[in-house]
Amino acid sequence: QVQLVESGGGLVQPGGSLRLSCAASGSIFRINAMGWYRQTPGKQRELVARIISGASTNYAESVKGRFTISRDNAKNTMYLQMNSLKPEDTAVYYCNAMLSTLTDYKTTNYWGQGTQVTVSS
């Protein structure tokens, strides 16, 4: 079994910063990619940032220059440093991992439970 546990969400004023964390645990063989997605009511979940094993990254245009994704491979943990936050960044942020387990070695998509980020004065 695999678990993705997010932390670090909360309420912040416009212009402020937050750091999200996502820790993957369980019988993990290899993590191919990890990413952050976000969703607001009535809208589809959208990619925020993604990091491939080896540290290749890509970002949504709306967060480029403000958000930074990183990963600690030794801890199977991913981070999202969010700076200069705007009200439109308000959403539930979900951790995603494409990984294979020691059970069957098949690459499967996993999701965390989500963490709320609210940017408001």
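Observations on the model:
- Test for R30: is it open to solvent by 50 Å² or more (accessible area, probe 1.4 Å), modelled with pLDDT under 95 and farther than 21 Å from Q13 by Cβ: yes
- Qualifying residue in segment 9-19 (condition: within 13 Å of the chain's Cα centre (by Cα), open to solvent by less than 60 Å² (accessible area, probe 1.4 Å) and in contact (Cβ under 8 Å) with a residue 40 or more places away in the chain): yes
- Residues of segment 35-47 include at least one that is open to solvent by 30 Å² or more (accessible area, probe 1.4 Å), part of a strand (DSSP E or B), aliphatic (A, V, I, L, M) and in contact with a strand residue (DSSP E or B) (Cβ under 9 Å, 6 or more places away or on another chain).
- Residues in segment 29-86 that are within 15 Å of the chain's Cα centre (by Cα) and at positive phi: A55, N76.
The values are calculated or read from the model by the stated rules, or taken from the named source; none is laboratory data. This one's a predicted model, so the numbers in the text were calculated from it and none came from an experiment. When we count neighbours, we look across all protein chains shown, and the Cβ atoms used for this are built from the backbone with ideal geometry, even at glycine. All accessible areas refer to the heavy atoms of the entire protein, side chains included, with ligands and DNA or RNA removed. Shrake-Rupley method; radii C 1.70, N 1.55, O 1.52, S 1.80 Å.
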